[in-house]
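Enquirer: Dropping the structure in here first, questions after.
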Amino acid sequence: MTNHVKEIVAIVTLGILGGGGLLLSVISNPASAQTTNERGHDPTVLRAGRTLFRKNCAVCHGWDAEGITPDWQVRNEDGKLPPPPLNGTAHAWHHPTSVLTQIVKDGTAKLGGTMPAWRDELSDADIMSILQWITSLWPDELYEAWLARDAQNN
């Protein structure tokens, strides 16, 4: 059962057990009930992250983070790996927030990659909103695994 379905079941259950007051308030004013998505992300932050990603990252990672190189796991002629997809179909979820943030800030040149450093272009808040948008694309199972890894590393 997805988190979204669990929330709906909880709201309906609370509404029934609580005499319907909560349920009526959610039905009559759904905007007040949905200030974050099912993963707790603020929709405004997600929109900002998507916009920043598309402006700065999509040229290498694809418009919707789907990647632009089908064989992203095969090294180029120069021995470097192409940019991977970031939509949950590659390996980004293996890295905690701290590592993903450092990769964005410092690039991957020191690691043998081609990603430029974004330290001077993107603020910490920009980077976090991009990471929130990227993780919002991941299937629930990967997202949960990433959260567990992230908690262990922070």
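Enquirer: Could you grab me the full set of residues in the stretch 112-154 that are in contact (Cβ under 8 Å) with a residue 12 or more places away in the chain, of a type in the set (Gly, Ala, Ser) and surrounded by fewer than 14 Cβ atoms within 10 Å (Cβ to Cβ)?
Expert: Selection gives Gly112 alone.
Enquirer: Looking only at residues in the stretch 69-97 that are touching a helix residue (DSSP H, G or I) at 6+ places or on another chain (Cβ under 7 Å) and hydrophobic (A, V, I, L, M, F, W, C), which one is surrounded by the most Cβ atoms within 10 Å (Cβ to Cβ)?
Expert: The residue in question is Leu86.
No lab work stands behind these numbers, since they all come straight from the coordinates. All values reported here derive from a predicted model rather than from experimental measurement. A quick note on method: Cβ atoms are made from the backbone with ideal geometry, for glycine too, and the neighbour counts reach across all protein chains shown.
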